[in-house]
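Before any comments, here is the structure.
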Amino acid sequence: MEKDEKQDSREPVAVLENVTKEYKMGDTIITALKDATHSFYKGELTLILGPSGSGKTTMLSILGSVIYPTSGKVWINGIYINDLKQKRLASLRLNNIGFVFQYFNLIAPLNALENVMYPLLLQGVSKSEASERAGEALEKLRMDDRKKNLPRNLSGGQQQRVAIARALINDPSLILCDEPTASLEQASFDAVMGRLKSLAEEGRSVIVVTHDQRLKAYADNIIYIENGRIADLPEDLK
């Protein structure tokens with residue numbers, strides 16, 4: 001990683017070096033990702049594009065420290081994660097990485113405010129401080145008037161904004177998004193992508209797996225994955 005940093009004055013948040021991920025299915029070895037090398041920098045919004053089953057979500061899961069690579073090296077915020085135990089990985093995720101999912105993954109019995117508070121409570125922050133910080137996070141996404149609503153009483157776009165507020169509550173340097181706009185109407189799409197773009201401009205690294213071609217207008221970089229390998233972007237996607 002030191003070599004990469006000397007060659008580029010930008011500060012990498014996540015680095016993959018010759019990363020491969022394989023799964024054993026009976027007697028068959030399935031290669032989900034093969035020899036992936038890439039650096040993700042502060043201040044940039046990166047799209048990961050590719051056909052279904054190409055390895056996009058596998059790359060996102062490795063970046064999120066959810067799964068280990070079969071081979072290759074991974075750094076998050078300068079921390080070499082390959083040898084970390086599960087407890088240390090969980091701490092890394094909680095304190096350094098924000099996740100935004102297609103289906104929001106909000107906790108149904110909790111209202112919007114409580115959903116956003118949840119990561120802070122896991123960190124041991126007091127309930128009063130967590131409530132104050134969560135309220136401020138929702139206000140930035142224009143959701144403060146909905147903070148007492150349960151997820152089922154929010155639209156898809158509103159749920160996604162709550163999910164983004166929750167992902168940001170610990171001020172992560174790396175934000176990972178899996179199809180965050182797939183089910184959003186245009187108004188909600190504009191609000192969500194506008195916020196994600198501003199987060200990148202504020203100095204975070206935002207990485208988005210998507211099939212949504214509308215996101216290209218927001219991207220600083222695009223990675224194309226095909227058959228588990230990083231490949232050149234097809235002409236029809238340029």
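The values are calculated or read from the model by the stated rules, or taken from the named source; none is laboratory data. Only a predicted model underlies this, so the values are computations on that prediction, with no experimental measurement involved. Cβ sites come from the backbone with ideal geometry, for glycine too, and all protein chains shown count toward neighbours.
Filtering segment 68-76 for residues that are under 30 Å from N18 (Cα atoms) and either of a type in the set (D, E) or in contact with a His (Cβ under 8 Å, 6 or more places away or on another chain) (or both) leaves an empty set. For segment 63-92, a tally of residues being among the small types (G, A, S) and free of Cβ contacts under 8 Å to residues at least 12 places away in the same chain returns 2. Within segment 117-128, the residues that satisfy the criterion of being in a helix (DSSP H, G or I) and surrounded by fewer than 12 Cβ atoms within 10 Å (Cβ to Cβ) are K127, S128. Just one of the listed residues (L122, L141) is more than 27 Å from T46 (Cα to Cα) and at pLDDT below 95, namely L122.
Within segment 186-200, residues that are within 16 Å of A167 (Cβ to Cβ) sit with their Cβ atoms under 9 Å from residues that are β-branched (V, I, T) and assigned to a helix (DSSP H, G or I), at 6+ positions apart or across chains, in these pairs: V192/I164; R195/I164; L196/I164; L199/I164. Residue check: is D236 surrounded by fewer than 22 Cβ atoms within 10 Å (Cβ to Cβ), without any contact (Cβ under 8 Å) to a residue 12 or more places away in the chain and part of a loop (DSSP other than H, G, I, E, B)? For D236, the condition - surrounded by fewer than 22 Cβ atoms within 10 Å (Cβ to Cβ), without any contact (Cβ under 8 Å) to a residue 12 or more places away in the chain and part of a loop (DSSP other than H, G, I, E, B) - is not met. When K147 is tested against (1) surrounded by 17 or more Cβ atoms within 10 Å (Cβ to Cβ); (2) in contact (Cβ under 8 Å) with a residue 40 or more places away in the chain, just one condition goes unmet, and that condition is (2).
So that you can scan it fast, the table gives a plain yes or no per residue for (1) in contact with a strand residue (DSSP E or B) (Cβ under 6 Å, 6 or more places away or on another chain); (2) crowded, with 22+ Cβ neighbours inside 10 Å:
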| site | (1), (2) |
| --- | --- |
| I48 | yes, yes |
| G55 | yes, yes |
| S61 | no, no |
| S65 | no, yes |
| Y68 | no, no |
| S71 | yes, no |
| I76 | yes, yes |
| R88 | no, no |
| R93 | no, no |
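Annotation note: of A167, A182, A134, A163, the sole residue that is under 27 Å from T46 (Cα atoms), buried (at least 22 other Cβ atoms within 10 Å of the Cβ) and more than 13 Å from the chain's Cα centre (by Cα) is A134.
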